[in-house]
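**Student:** A single structure is presented below for examination.
None of the figures in this text is laboratory data; all of them are computed from the coordinates on show. Since the structure is predicted, the reported quantities are computational estimates derived from the model, not experimental observations. Heads up, the Cβs are rebuilt from the backbone with ideal geometry, glycines too, and the neighbour counts pull from every protein chain shown.
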Amino acid sequence: MDRSPKGRMAGTLLIGDRRILEFIYNKISCRILDFLMPYITNLGGAKFTILTAIAVFLFIDYKLGLEMGLSLGVSHLIVHVVKRITNRPRPYITLKNIDQVNIPFEPYSFPSGHTTAAFSVAVTLSLSTPIWGWECILLALASLVGISRVYLGVHYPSDVLMGGLLGTACAYLVHFGIFV
């Protein structure tokens with residue numbers, strides 16, 4: 001057992017992650033959410049986020065579409081590198097009371113790619129179209145994507161939190177020209 005400060009912190013984080021996940025999975029689940037969450041989770045999927053960036057590029061504002069695409073690309077690359085470094089198994093693999101969801105994905109959990117993509121798109125759109133209230137809707141939808149990932153048992157809450165932070169950071173860095 002790792003008694004170092006780093007090991008204790010990781011153990012505490014894992015216990016907190018499991019408690020929150022099990023609360024959401026066991027106490028909040030219902031038929032309506034069982035039906036809705038697989039659809040909500042797709043708002044952060046590659047098909048939806050990439051097609052959104054392409055549609056914005058072609059039909060609304062090509063610069064904004066490029067910004068969205070760059071933010072998605074950078075964040076996606078970082079997600080895959082971090083997933084390979086951490087190799088954190090998904091909750092349904094490590095916890096006995098979590099059912100496997102029939103959604104295709106890789107076996108690693110940290111950070112959440114869907115949440116990263118959702119926040120990357122939502123924050124990019126929010127920064128580029130500062131219409132009061134619009135940001136709230138976009139960030140609420142991105143947050144729902146994160147919650148859906150925990151609800152479906154494919155991510156721990158810290159995976160989702162890191163995904164949200166990563167997507168937000170990439171959107172800001174691209175928007176303010178750090179990656180350009």
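**Student:** Scan (1) 1.06; (2) 1.47; (3) 1.16 for the value of Cα Rg over 2.2 N^0.38 Å calculated from this model and give just the label.
**Tutor:** So the calculated entry is the one marked (1).
**Student:** Something else about it: Work out the FRET efficiency for residue 54 and residue 81 from their Cβ-Cβ distance, taking R0 = 25 Å, and round it to the nearest 0.05.
**Tutor:** Working: r = 24 Å, r/R0 = 0.98.
For R0 = 25 Å, the calculated efficiency reads 0.55.
**Student:** Quote to one decimal, in nm, the extra length available between residue 136 and residue 27 on full extension: 0.36 nm per residue of separation minus the C-alpha distance between them.
**Tutor:** Details: separation 109, 0.36 × 109 = 39.24 nm, distance 2.67 nm.
Full-extension gain reported as 36.6 nm.
**Student:** Related question: If I require 30 Å or longer along the helix axis, counting alpha carbons, and a Kyte-Doolittle average no lower than -0.5, what helices from the chain are left? Use full DSSP H segments. The partial results should precede the final answer.
**Tutor:** Details: long enough: 62-86 (35 Å, 0.79).
Qualifying helices, which must be both long enough and hydrophobic enough, are 62-86.
**Student:** Turning to a different aspect of this structure: Most fluctuating residue of 15, 78, 24 in a GNM of the chain with Cα springs under 10 Å: which is it?
**Tutor:** 15
**Student:** If you stretched the chain out fully between residue 128 and residue 47, how much longer would it get, using 0.36 nm times the residue separation minus the C-alpha to C-alpha distance?
**Tutor:** On the way: separation 81, 0.36 × 81 = 29.16 nm, distance 2.19 nm.
Length gained, residue 128 through residue 47: 27.0 nm.
**Student:** Straight-line reach from residue 96: which aspartates and glutamates have Cα under 17 Å away, leaving out those fewer than 8 places along the same chain?
**Tutor:** List returned: 17, 22.
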